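We did not get these values from a lab; they are worked out from the coordinates using the rules stated. Just so you know, these numbers come straight off a predicted model, no measurement behind them. Counting neighbours? That spans all protein chains shown, and the Cβs are built from the backbone with ideal geometry, glycine included.
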Amino acid sequence: MTYEGTGIYFLDKVRPGVWRLEVYPDAVPIRDPFEPPRAEKIVTRAISRAWPMKISLPDLGASFSAQPVTAGMRRPCARVTAGSL
């Protein structure tokens, strides 16, 4: 899998041919995390951005469909070709 974002992702096999991919927003540093600690200090922000992603799994092949499991997602369903989403 290749992904250019800085957020974390989890890819779990649910059963043969079915995978769950969770992608979280990019973590963008805005301050030095090694400054003296303060309760109100924010050092990282989560920013939602779209990034290209390529998934290569033997039991999926190069062409498959992807659908969100969270209500209210902007992209209801995507057809993946050549492993690129």
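Values as computed for the structure displayed
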read-out: Percentage relative contact order, the chain, counting C-alpha pairs under 8 Å, at least six apart; value: 25
read-out: Label-to-label distance, nm, for residues given as Arg20 and Ile47 (7 Å Cα→Cβ offset); value: 3.0
read-out: Dimensionless Rg/Rh of the stretch 1-65 - Kirkwood Rh, Rg from C-alpha atoms; value: 1.16
read-out: Under-5 Å amide H pairs with Gly7, H placed in peptide plane, nonlocal only; value: Asp26, Ala27
read-out: FRET efficiency for Val69 and Phe34, using Cβ-Cβ distance with R0 set to 41 Å, rounded to 0.05; value: 0.65
